[in-house]
Amino acid sequence: MLGVRRSAVTIAAGYLQQQGIISYNRGQIKLLSRAGLEQSSCQCYFTVVNNYQKTLAIYK
């Protein structure tokens, strides 16, 4: 969430915390469920991961 206001981050973090995906307190975030975070993310996350993995494969 780069380039968004702090209030938008607070709202998103609050939602993820209610879902039990993260623990959020005073700007510190603790990931509790990676699978839950991946499931709640948009499709662009998987596109970025796939492109990253393809890029790494080229240099192996």
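Values in this text are rule-based calculations from the coordinates and carry no lab data. As the structure is a computational prediction, the values presented were derived from the model and not from experiment. Cβ atoms come from the backbone with ideal geometry, glycine included; neighbour counts cover every protein chain shown.
Structural remarks
- Global form of the chain, assessed from the alpha-carbon gyration tensor, a/c cut-off 1.5: prolate
- Other-chain or far-sequence residues with amide H under 5 Å of L32's (modelled H): I22, S23
- Working from Cα pairs under 8 Å separated by at least six residues, relative contact order for the chain is 17 percent.
- Computed E for I11/V48 - FRET, C-beta separation, R0 30 angstrom, nearest 0.05: 0.85
- Cα long-axis angle, helix 43-58 against the chain (0 to 90 degrees, to the nearest 10): 40
- Straightening the chain between Q19 and S40 buys 6.6 nm, computed as 0.36 nm per residue apart minus the Cα-Cα spacing.
- Full-stretch length increase - I58, V4 - with 0.36 nm per residue and alpha-carbon distance subtracted: 16.1 nm
- Cα-based helix-to-principal-axis angle, 6-18 vs the chain, degrees rounded to 10: 90
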